[in-house]
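The structure appears right after this line, and notes come after that.
The values are calculated or read from the model by the stated rules, or taken from the named source; none is laboratory data. Predicted model, so just to flag it, every value in this text is computed and none were measured. When we count neighbours, we look across all protein chains shown, and the Cβ atoms used for this are built from the backbone with ideal geometry, even at glycine. The accessibility values were calculated without ligands, DNA or RNA, using every heavy atom of the protein model including side chains. Shrake-Rupley method; radii C 1.70, N 1.55, O 1.52, S 1.80 Å.
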Amino acid sequence: MLKEDISSSGDNFERYRERLTNFSNEFEPALFIAIAGKSILWAILFFSVSLTTAFLYLRYTPKVYESSTILQINNSNNANKILDAKNIYEGDAEDKQLAGDIELLRSRVFLKRVLATLPLSVSYFGEGTFKTNEHYKESSYSVETKLKTGDICGVRIYLTNKSSASGEISYTIPGRAPVVKAFKSGEWITDLPQAEIKITLIDKNWKSNSDTKKKLFYFVINDLESLAASYNPRLSVTLLNDAAKTVKILFRDNNPMKTSDVVNAVSSEFISYDVERRGESAKSVLEFIDGQLEAVFNRLKNSEATLGSFKKEYKVNENKESAVVNFERLNNLEDASAKMELEKAILDEIEKKVKSDVKSDVSTLLAMLAGSGNLSSLNPQIEALYKLMIEREQALFQNLPENQSVRWYDYQIDLQKKLLVESVAAVRAKMQTEGEQLEKLTKRYEIKYNDPGAEVEYGRLQHLYDINEKFYTLLLEKKTEYQISKAGFISRHLILETPITPTQPVFPNPNLSFTLAIFTGTILSLLLVLGRYLVHNKISSLNEITRHTNASISILGIIPKYKKDIPISQLLVDKNPKSLIAEAFRSVRSNMHFIADEIGPKVMTVTSTISGEGKTFVALNLAGIIAYSGKKVVILDLDMRKPKIHLGLEVSNLKGMSTILIGRDTVDDCINHSQLENMDFITSGPIPPNPSELMLSKKMQEVIEYLKTKYDMIIIDNPPVGLVTDGIDLMRKADYPIYIFRAEYSKKSFIQNVDRLQNESGIKKLSVILNGVDIEKRGYGYNYGYGHGYGYGYGSNYGYYDESKPGRKTTGK
C-alpha cells in the first residue's frame, strides 16, 4: 500500500512538472477562464482581506512626519581683512572644518544641547485603544518638575482630573509600590519621593471633553541624555553640495509640529554654538596671554628699578655715544631672545594642558601655535590628536566607554599624547641649544665692545631691561591681534530653506499601501487560479481528449449537463423529445453511422474508467433515442458488481443476465419491456460471485446471437474497464465500442486507457462520448470525419421544458 502511495505521489509530481514545463504549449484559455470564474469568491476574499489590512494598517500605524532645512556653512572673519593675516582661530583647513561641523550636527552631545532649548522636559500623551498620540504643544494641562532622583524619568504618570481645579496622578516605578496622589491645579505636589510636580489645568472644560472618555492621559518626565539617544537616529545630516558648503538637516517624528521645531532649533543653535565655541577658544588664548603679561610686567618693573638705582648710584651717562654703540648690535639678539621666551612659555602651556587633561580644547593649542615658527612642527601631531578625539566622541554615540572600539581610541589618544610630550621635549631641547648659542653670541659682542668700569654693568642691566620690554611689547601686540580677531568674527551660516510643519506623513504612504494591497490581492488571485490550473487533472473538453491520446479515436459527441438533480441514472429522452439532451443523443446516433453502417443487427458496448462517469445514463438514453428511430433495441446490464439499470427503470432485479448465464432462466423470461416502444432491457440479476467467468463464457455469445435475431441494436452496459477487465472481450467483438468520459469528473490520466484498449487490446472502432458538459460556460466544437467533416454545437437558448428553472446542475450517472 505504501509503495502504491509513493508511486502515485511520484506520478503526480512528474505530471505537474511536465504540465508546468509545457505550460506555454498546452495553455488552454477557456479552462483558465473557467477556473478563474470558479475562483471569483476567493479573489473577492483576497482583495477584501488585502484592502482591509491596508486600511487597518493606515488607521493604527503611527504616522511619521519629516521636516528639513538647508544650511550653508560659511565662516568669515573681518579681522583677517584688516590685519591681512590668517585667521588665528582656524586651526584646520576649510574642508576639514566642514566635515567637523557636519559631525558636530550629527552628534548626540550637540542634539542634547538643542533639545534643552525646546519644551521637551515633559512629554504629554493620549493613550487610545490601539494607538498613542503625543500632544506636543497641544496638551490641555502643563507640568513643572523639580527632580529629587532620576528614577521617575521615563515613567508614565497617568493623570485623571476630577474637576477644573483638581485631579489625581498615579504611576508605578518598576520594583516599587504604585503611587497615587491627588493634586490641585497650579499647586506643587511636594510629598513625592522622586520629584516635586506642579500640574496646571489649562482647558477648564477638559473633564467634559468626550475625548477623555476614550483615552488615558499621561505624561513623562524626560532625561535629556535618554531623549537625545532616542532622537539621534531620527536626525539626518547630509552634505548636499561640497562646493557650495550646503548641508541638509532632516528630522522625523510622529508629531508634525515637533519635526519642524527640532530642525529649526538644530540650525539656529548651530549658529549660536559656532560663535560661542570660537569665543571660548579666544578667551582661553587671551587668558594665557594675560598671565604671561603679568609675569613679564613684574620682571620689567624690577629690571627698570634696578637700572634706575644703578644709574643713580654710579651716575652713568646713558646718552654717551660709546654706550649706544656698544649695545646697538645686540638689538637683533634681544629680539630673538624675546621671541624665544614667548615660545618657551607656549611650550610650557601646551605640555601642561596635554598632561593634565586628554580632553582639553585642542583648537586652543593650535591657536597658540599661530605665528610661532619654531613650534610649527607640533601642528601635525596636535591635529592628529584632535582627529582621534573627534573619532572617539563619534564612537561613544553608539557604544559604551567599555566597548573595545572606544578603548582602542583611548589607547591611541594616550599614545599620541606621549608622542606629543616627547616632541615638546625635543623642541624645548632644540630651543635650549639655540638659547645657549644666542647667549654665547651676546657675550661675544659684549666682550668685543666692552668698556671697563660701571658702563659695562650698566650695559648688562640695560640689555636685560630691553629684553623684558621687547617681550612685554610682543605680548601686548599678540593680545591686541587676538582681540581684534575675536571682535571681527561673524558667523555667516545661512538658512537657505526654512523648515515648515508637514501636513502629510511620509510613512505610512496611503497610495503605496492601497496599491500594494491591490497588487497583493491580484497576485494571490492569479497564483490561486494558476495553481488550480496547474493541478487541474480533470477532463473539461474534447480537445483535451484528442490532445492527450496518441490513438486515432472517434468522437461521437457530447452530452450536456442536466440541470436537475437525478438521484440515479434515468431515461430522460422520453420526457421531452425536443430537449437539449435529446438533441445531443440524436447527434451521437447520427455520428454512429460513420463508424459502422452495414445492414443487420449491431452490438454496442458502453464502458468507462470508473463508476460515476455516466455510462449507464448514456446507455439508457442512447437506447431510447435509437428506439425513437423505429429500431428495436435491448439493453443488457452486465455491470453485475454494481448494477443500476433496474434502479433507473424501477423494476426488480430477481432475475437477469446472471441467472441466464448460469442456465437458471431463459432469455425470454428475463426480457423486460420499458414504457418506450421498441425498447426492452435485461437487468443484471442477482450479483454472482464470478462475474468475469460468466461474461467470458460461451453462454454469453449464445445470448448475444439469440438477441440479434430479435433486435436491431443490442446495447451492453459493461463494467468500468479501469477497475476490471471483464468487458474487454465484448468490446473487441462489438460494432460500436463506446468509451464514456465525464467532464470535470474524469481524470486526464484516464485517457491513457483509450490508447491501451486500441493498441494492446485490439479494439479498433473505439469511440468516445464526453458526458456532463456545462455548455452554458463553455462552447465545444469538433471536426472529425471519415472522409468528410461535420460539426455540432449547442447553445444555452435551446430550451428544455423546465431547464430554465433554477436548480442544482448534476450529471446523470
Based on what the data block shows, is Leu115 modelled with pLDDT of 80 or more and on the phi < 0 side of the Ramachandran plot? yes
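For the stretch 151-165, how many residues meet the condition of being in a loop (DSSP other than H, G, I, E, B) and either at pLDDT below 85 or in contact with a Pro (Cβ under 7 Å, 6 or more places away or on another chain) (or both)?
Let us first name the residues in the stretch 151-165 that are in a loop (DSSP other than H, G, I, E, B), namely 151-155, 162-165.
Cutting the leftovers down to either at pLDDT below 85 or in contact with a Pro (Cβ under 7 Å, 6 or more places away or on another chain) (or both) gives us 162-165.
Result for the stretch 151-165: 4.
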Kindly indicate which of Glu276, Glu321, Glu225, Glu269 is closer than 30 Å to Phe110 by Cα, modelled with pLDDT under 75 and among the acidic types (Asp, Glu). Glu276
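Take the residues in the stretch 233-247 that are within 30 Å of the chain's Cα centre (by Cα) and buried (at least 17 other Cβ atoms within 10 Å of the Cβ), then tell me which one is nearest to Leu400 (Cα to Cα). Even if it seems obvious, please write down each step before you answer.
Step one: of the stretch 233-247, the residues within 30 Å of the chain's Cα centre (by Cα) are 233-240, 247.
Then drop every residue that is not buried (at least 17 other Cβ atoms within 10 Å of the Cβ), which leaves 235, 237, 247.
Details: Leu235: 21, Val237: 23, Val247: 29 Å.
Top of the filtered list is Leu235.
Under the condition of being among the charged types (D, E, K, R) and in contact with a helix residue (DSSP H, G or I) (Cβ under 8 Å, 6 or more places away or on another chain), which residue from the stretch 403-423 is farthest from Leu388 (Cα to Cα)? Write out each step before concluding.
Going residue by residue through the stretch 403-423, those that are among the charged types (D, E, K, R) are 407, 410, 414, 417-418, 422.
Pick out the ones that are also in contact with a helix residue (DSSP H, G or I) (Cβ under 8 Å, 6 or more places away or on another chain) and you get 410, 417.
Details: Asp410: 9, Lys417: 11 Å.
Taking the candidates together, the pick is Lys417.
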Residues that are surrounded by 14 or more Cβ atoms within 10 Å (Cβ to Cβ) and not in a strand (DSSP E or B), drawn from the stretch 166-200: Thr172, Ile173, Ser185, Leu192, Gln194
Which listed residue, of Ser142, Ser163, is out of contact with any helix residue (DSSP H, G or I) (no Cβ under 9 Å at 6 or more places or on another chain) and surrounded by 13 or more Cβ atoms within 10 Å (Cβ to Cβ): Ser142
Would you be able to tell me the number of residues in the stretch 125-146 that are at pLDDT 90 or above and among the hydrophobic types (A, V, I, L, M, F, W, C)? 2
Residue, farthest from Lys747 (Cα to Cα), within the stretch 537-586, restricted to residues that are within 54 Å of the chain's Cα centre (by Cα), crowded, with 19+ Cβ neighbours inside 10 Å and modelled with pLDDT under 80: Lys563
I'd like the full set of residues that are modelled with pLDDT under 90 and open to solvent by less than 20 Å² (accessible area, probe 1.4 Å), limited to the stretch 592-605. Met592, Ala596
Among the residues that make up the stretch 120-136, is at least one of them free of Cβ contacts under 8 Å to residues at least 40 places away in the same chain, open to solvent by 50 Å² or more (accessible area, probe 1.4 Å), touching a Ser or Thr at 6+ places or on another chain (Cβ under 9 Å) and outside any strand (DSSP E or B)? no
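Could you say which residue among Ser485, Ser513, Ser491 is open to solvent by less than 60 Å² (accessible area, probe 1.4 Å) and modelled with pLDDT of 90 or more?
One residue alone meets the criteria, Ser513.
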Sole exception among (1) open to solvent by 50 Å² or more (accessible area, probe 1.4 Å); (2) modelled with pLDDT of 75 or more for Gln416, by number: (1)
Search result, residues across the stretch 38-72 that are more than 24 Å from the chain's Cα centre (by Cα), of a type in the set (S, T, N, Q) and modelled with pLDDT under 90: Ser39, Gln72
